[in-house]
Amino acid sequence: MARYRVTHDTHYRYDAPVALSRQLLHLTPRELPRQQCLDHRRQIIPEPSFQREHDDAFGNASAMLAFEAPHDELWVRTESVVEVFSPDPTSFADTPAWETVRNRLQYHAGDSPSPVTLAALQYRFGSPYGRIKRRFANYAADCFPPGRSMLDSVLALNAKIHRDFAFDPEATTVATPVADVLTRRRGVCQDFAHVMVSCLRSIGLAARYVSGYILTTPPPGQERLIGADASHAWVSVWCPGEDEDRWIDADPTNNLLPGSQHITLAWGRDFGDVSPLRGVILGGGEQELKVSVTMLPLDELPLNNATSDALAQWQKQS
Amino acid sequence: MNTDAYQPHRDRYDEMLDANGAARPHWRPMLTHLRETSAVQMRQRQEFVRSQVLENGVTYNMYASTQGAARPWDLDPLPLLLPASEWSELATAVAQRARLLDAVLADLYGPQALLAEGLIPPATVYGHPDFLWPCRGLQPPGGRFLHLYAVDLARSADGQWWVIGDRAQAPSGAGYALENRLIVSRAFPELFRDLKVQHLAEFFRALRQNLTLHAPHDAGETPLTVLLTPGPYNETYFEHAYLARYLGFPLVEGQDLTVRGETVYLKTLTGLQRVHAILRRLDDDYCDPLELRGDSALGVPGLLQVARAGRVLIANAPGSGLVESGAIAAFLPRVCERLLGESLAMPAVASWWCGEPAALEYVIAHLDELVIKPAYPSTTHRPMLGRDMRGKARAALILRLRKQPRAWVAQEMVRLSQVPVISQEHHLAARPVGLRVYATANTDGGYTVMPGGLARVAGTPVAQMISMQRGGGSKDTWVLSDVPVSRFSLLANTITAKELVRSPSNLSSRLVENLFWFGRYTSRCDDSARLLRITLTRYADTSAMPARESALVLCKGLNLFAPVEKDEPEPKPDDAIWTAICDARRVESLTANLRHLAWTGTQIREHLSLDNWLMLNQLPLPPTTDARKKAGLSAALEYLDNSLILGVGLSGFAMDGMTRDNGWRFLMIGRHLERLAFMASASACFLHHGVDQGWHSLDWLLEVADSSITYRSRYRAQPELLPVLDLVVFDDSNPHGVVFQLRQLLIHLGELSADLGGDHYALADELLAVLQEYTGFELSTLEQPDESVLLALATLLGNTARAARELSDVLAARHFTHVGERSRQTLAA
């Protein structure tokens, strides 16, 4: 178990006054069986003229803000205290062969899918950044040989993406199509998550894009830098077993399975569904954007590295 | 005319003749009428229809011509006739289908029982680009998703009607159907009356009533409905403007609306005005850049939140495009049983969604009998006839189907029925026909079907698919009645005396800005055409060298000639004049200004009377360079004359054809402001030139001010400096004079300020000060003027022109600043 305080600052400065602005926020940590949000606060400059909370189509808490007086900066700070538990490694033990899962997601006339299957099907088809294409299926093919278990297959794909793709913040923008990322093999965590989601869906599985935070470890002997972190993204794949509603998270950027060092904010089909701050402004001229995230461990409890646990488990099995 | 020559194709159902070649009973009066009509009369009717279409269709062309290919609306004079008995079955079936699709939308955006029960494959919803996730759980006012629905029907050889397509997000064509009716009913007035053709107006009233009834509003508010258009670049913009005028809804673009809190407003001259209902012609995913497609500026940021809060009715509800999918249509028979407890009244042609493996194999085995269509209409592929796909193309198609089976639907091919059309050779010919029928939600909770519709005929006798873009034409559709038809028209209405509107409060700011510019361009074209005509005539007259010189100086002084770069040689005067008249690439040319005028005209389309609009459509065309080679500069004279005639016509309409609301005031302010700047600059330029070079050109200053006749009738003598300046500058009864413009501007600004409240009159303070300088001017000092007096007057005139331009800026800042500024998306990770 680990407990953190996360501070997430998004700060826009505009050259010219913004006359009207609306912002859609996905900045509230999700409540999950192994994640609890103990405290969540929001500070906003300037004072919004309108605020409305609502749960989006994927069950994430989102907030709509409006700013109707001219302003030349927008500063959104959220502070969350979150408790995270590592997944129980034994819960990955009995994953079925990947084809079994794929077959469960296929339509047969007259079949009534279970509510859980139907929920998973929402993440089964193409979306703007989660494309279904033969290229993605081909890329993933060698990770999914016939009969291999879901866990092994997903770990293999996770590792393959980690190996083949270079982390390069200059290579992509939020508008870069995922097919280009596959061609150029460079990008950031969002891009890798989109590639992995596209691969999984292209071979017939259901995969979510997860937006959240990850604890970064300062170099030995150095203090943790405030604001040096960024938001993070990974994937979650449907893997029904005894527990129908089981999803396995995988982080291709770090080649690990998220444990108590990952905090989940929201999930959707891709980044477009859950971007932390999505807005439309009128006016503003040139703008400067600064995002900073600080994730501080709150107590001395030893940090379980779920990943190493899971990997150890996996290595034992294989 | 000879109707016996009509040659129907045996293998199709013929709408007019039965299998034995005898006329069907409901066609007999029409056939008799045609037989009694002489060939000449028929030709006249055809010509009447063609000219009517052209006149209205020109408006269609004008905007479309900016994008290239444009074709006048092709309307056949003969209507498609349907008897009452047959129609009532058809109408019942269409109404049922509208109810069904409405219920399907309510389920798919709500509980999704259809998915849970396996009645519709989840891929056709979750995998459909038109399924708008942010709209899940959204409850439209009155529970209605579909307000206006259209269905494409075809009749097979056995006489059975089939559904071949659904239009659910923003169906087009109802306005064209209405226009067709207005024209064709006038081509056959007696027949129209005798056949008791059912009227269309009731349908539009139902549409309007239903929107008004369900539009969420607070006590005491009269619901405001607007028609939201993507703008003049859209291919059916003509129809948007047409319907907006017919229904009496303001025509607005996304930038005319703004969301504050959870309310959507129209930006008007008098401030923000709440909008209660939006009839949209904007596609689903463009409606709200905040939650839907972020790369588009066409929509209204925050609109979905307003809908979610139940504060606006959007017709059709965003996300309705989902049920246009052929993939969903394939499952409707069972869905209808489940949702309505009824069997589907009109069968859709058999269709197969290739996402089911068995269906895919069937489709590949029976390609020759099928039409292959994309399952998701937003993809770019067109329907294909399986039998036309041969060899490599066929193999490629099969490969595509196998690669992405979920993206394809196959439909049984219907051999379309045929109708008689009047061919170009003026006789009857048989053409395949399809019918688009419209239904609107009504206040009884059901759907009212438009008795009629848009019949579309193929361009060739053998065509299997009909497309307006590919050479097809259209027909009016007459639904005959056994009983006297309702005399209702939209003119007869339910407005009470208390609700009478004298001055519309919902003039959008964009409309007002465009009216202002329309006024400015009208004056600018008029003034520059007049000056150029004078220059051209003086230029040809070599005996009047000094006058010619002054004309050139004035053209330069008023920036009519393109500016010359430092290192460039001065162009020859001939070329400079020709360019100033004809070269559309030069922003200061007359041609460019006329185009701006026409463009601004399209922006205020719904505010202009039809005649006004027609006039604007007959823009004079500039002479070609060939014409110049033959006739020299004088080749441009006719063009200048026609431009001046257009200016006179538009002025006439402004004075005589428009109500005196604030929109009109802005138009007039634009006109006077432009003319004030022009006349003041021209007079100042004239004075400077005269002081330097002598007074050779008094007569043409009169002409520039269109005041020669007045001068001659007053003085019956050669022009002299004092009376000319008096008439052109000081005389407040001369509609081209400087002081006249000042006084008119002050009057209009005064009325605006009285109506809008606030301090609009303060805008005019400087104008008033300027005016007082003119009224206080001692005219006797101009009897034997010394140079300093003339230069002082020139300075005053120069200041006047500057004040005019500043007033324009102030008005823009105050009323128009938002126009042209677009919202944009920002994303932070």
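Only the coordinates and a few stated rules stand behind these numbers; no lab work does. Keep in mind that what you see is a predicted model, and the values were worked out from it rather than measured. So basically every Cβ, Gly included, is an ideal-geometry build from the backbone, and we count neighbours across all protein chains shown.
Largest first and in whole Å, give the semi-axes of the stretch A:90-274's equivalent ellipsoid, each being the square root of 5 times a Cα gyration tensor eigenvalue.
On the way: eigenvalues 153, 69, 48 Å².
Taking √(5λ) for each eigenvalue gives 28, 19, 16 Å, largest first.
Along the Cα→Cβ direction, 7 angstrom out, place labels at B:ALA157 and A:ASP39. What is the inter-label distance in nm?
8.0 nm
With 10 angstrom as the radius, rank B:VAL483, B:VAL312 by how many other C-beta atoms surround their C-beta, starting from the fewest.
Neighbour counts put them in this order, fewest first: B:VAL483, B:VAL312.
Give the share of C-alpha pairs in each 10 angstrom bin for the stretch B:382-472, from 0 to the last occupied bin, in whole percents, shortest bins first.
Per 10 Å bin, starting at zero, the Cα-Cα P(r) for the stretch B:382-472 comes out as 13, 30, 28, 21, 8, 0 percent.
Give the aspartates and glutamates reachable from B:LYS403 as a straight Cα distance under 18 Å; neighbours fewer than 8 places away on the same chain don't count.
Candidates past the 8-residue exclusion: B:GLU356, B:GLU361.
Pairs to check: B:LYS267/B:LYS556; A:LYS133/B:LYS373; B:LYS556/B:LYS630. Give those whose C-alpha atoms are more than 30 Å from each other in this structure.
With Cα atoms farther than 30 Å apart: B:LYS267/B:LYS556.
Rounded to the nearest whole Å³, what is the per residue volume of the convex hull around the Cα atoms of the stretch B:720-812?
90 Å³
Give the long-range amide H neighbours of B:ALA455: residues separated by 5 or more places, or on another chain, with amide H under 5 Å away, using H modelled in the peptide plane at 1.01 Å from N.
Answer set, sorted by chain and number: B:ARG436, B:LYS475, B:THR477.
I want the local charge near B:PRO620. Using Cβ-Cβ distances under 11 Å, sum +1 for each Lys or Arg and -1 for each Asp or Glu among the other residues.
Numbers: positive: none; negative: B:GLU638, B:ASP641.
Here the count lands on -2.
With a cut-off of 16 Å, note down the residues of the stretch A:1-31 whose backbone N falls inside the zone around a label point 7 Å from the Cα of A:GLN51 toward its beta carbon.
Answer for this model: A:8-10, A:22-29.
Checking the a/c ratio against 1.5 first, then a/b against b/c, what shape does the Cα gyration tensor give for the protein assembly as shown?
Since a/c reaches 1.5 but b/c is at least a/b, the shape of the protein assembly as shown is classed as oblate.
Provide the packing ranking of A:282-293, A:191-202, B:160-171, i.e. peptides ordered by the mean count of other C-beta atoms within 10 Å per residue, highest first. All intermediate terms of the calculation are to be shown ahead of the outcome.
Working: A:282-293: 15.8, A:191-202: 28.7, B:160-171: 21.8.
Per-residue Cβ counts within 10 Å, averaged per peptide and sorted highest first, yield A:191-202, B:160-171, A:282-293.
Provide the convex hull volume over Cα atoms per residue for the stretch B:313-392, in Å³.
Values: hull volume 10.9 nm³, N = 80.
With only Cα atoms used, the stretch B:313-392 gives 136 Å³ per residue.
Compute the Cα gyration tensor for the stretch B:544-585, then decide on rounded, prolate or oblate, letting a ≥ b ≥ c be the square roots of its eigenvalues: rounded whenever a/c is under 1.5, prolate when a/b is larger than b/c in the other cases, and oblate in all that remain.
Prolate, because a/c is 1.5 or more and a/b exceeds b/c.
Using only C-alpha positions, report the orientation-averaged shadow area of the convex hull of chain A, nm², one decimal. Don't skip to the answer; put the middle values down first.
Numbers: hull surface 70.4 nm².
Mean projected area for chain A: 17.6 nm², to one decimal.
So if we plug the beta-carbon distance of A:HIS11 and A:GLU68 into 1/(1 + (r/R0)^6) with R0 = 22 Å, what FRET efficiency do we get, rounded to 0.05? Don't skip to the answer; put the middle values down first.
Details: r = 20 Å, r/R0 = 0.91.
The value I calculate is 0.65.
Reachable lysines from B:LYS196, Cα under 27 Å, same-chain residues fewer than 8 places away excluded?
B:LYS196 reaches B:LYS475.
Place a point 7 Å from Cα of B:ARG193 in the direction of its Cβ. Which residues in the stretch B:19-51 have their backbone N less than 13 Å from it?
None, by backbone N distance to the label point.
How high is the relative contact order of the stretch A:90-274, in percent, with contacts defined as C-alpha pairs under 8 Å that are six or more residues apart?
Contact order relative to length: 28 percent.
Mind checking the dipole of chain B: about its Cα centre, +1 per Lys or Arg Cβ, -1 per Asp or Glu Cβ, Debye to the nearest 20?
Rounded to the nearest 20 debye, it is 2360 debye.
Rg to Rh ratio, the stretch B:282-439, alpha-carbon atoms and Kirkwood radius?
Reported Rg/Rh (Cα atoms, Kirkwood Rh): 1.06.
Rank B:PHE192, B:ASN210, B:THR229 by how far each Cα sits towards the positive end of the charge dipole of the stretch B:170-248 (+1 on Lys, Arg Cβ; -1 on Asp, Glu Cβ) and give me just the farthest.
B:PHE192
Taking every residue in A:59-70, how many Cβ atoms of other protein chains lie within 10 Å of its Cβ, on average? Intermediate results must be reported in sequence, preceding the final value.
On the way: counts 0, 0, 0, 2, 0, 7, 0, 8, 0, 4, 0, 0.
That works out to 2 on average.
Say we join alpha carbon atoms closer than 10 Å with springs in a Gaussian network model of chain A; which of A:ASP142, A:ASP229, A:ASP273 then has the biggest fluctuation?
Between A:ASP142, A:ASP229, A:ASP273, it is A:ASP142 that shows the largest mean-square fluctuation.
Taking the Cα centre of the stretch A:90-274 as origin, work out the dipole magnitude from +1 charges on Lys and Arg Cβ and -1 charges on Asp and Glu Cβ, in debye rounded to 20. The partial results should precede the final answer.
Numbers: 18 positive and 20 negative charges, 134 e Å.
Roughly 640 debye, rounded to the nearest 20.
Using a 10 Å cut-off around each Cβ, can you sort A:PHE271, B:PHE816 from fewest to most neighbouring Cβ atoms?
B:PHE816, A:PHE271
Which whole number in µm²/s is D for chain B by Stokes-Einstein, with the Kirkwood Rh taken over Cα pairs at 25 °C and 0.890 mPa s?
81 µm²/s
Determine the shielding of peptide A:117-125 by partner chains: average, over its residues, the number of Cβ atoms on other chains within 10 angstrom of each Cβ. List each step's numbers first, then the result.
Details: counts 2, 6, 0, 1, 7, 6, 1, 4, 10.
Per residue, the number of nearby Cβ atoms from other chains is 4 on average.
Given a Förster distance of 60 angstrom, what is the FRET efficiency for B:ALA345 paired with A:ARG135, based on the Cβ-Cβ distance and rounded to 0.05?
0.85
What does the structure give for A:271-279 when I average, per residue, the other chain Cβ atoms found within 10 Å of the residue Cβ?
That works out to 4 on average.
For the modelled label position 7 Å from the Cα of B:VAL462 along Cα-to-Cβ, which residues of the stretch B:340-374 have backbone nitrogen atoms closer than 19 Å?
In the stretch B:340-374, the label zone of B:VAL462 (backbone N under 19 Å from the point 7 Å along Cα→Cβ) covers B:368-371.
In what sequence, highest mean first, do A:176-182, B:127-133 appear when ranked by Cβ atoms within 10 angstrom? All intermediate terms of the calculation are to be shown ahead of the outcome.
Working: A:176-182: 18.9, B:127-133: 21.6.
Per-residue Cβ counts within 10 Å, averaged per peptide and sorted highest first, yield B:127-133, A:176-182.
Run the quick spin-label model on A:ALA159 and B:SER733: label points 7 Å from Cα toward the beta carbon, then report their separation in nm to one decimal.
Once both label points are built, they end up 10.1 nm from each other.
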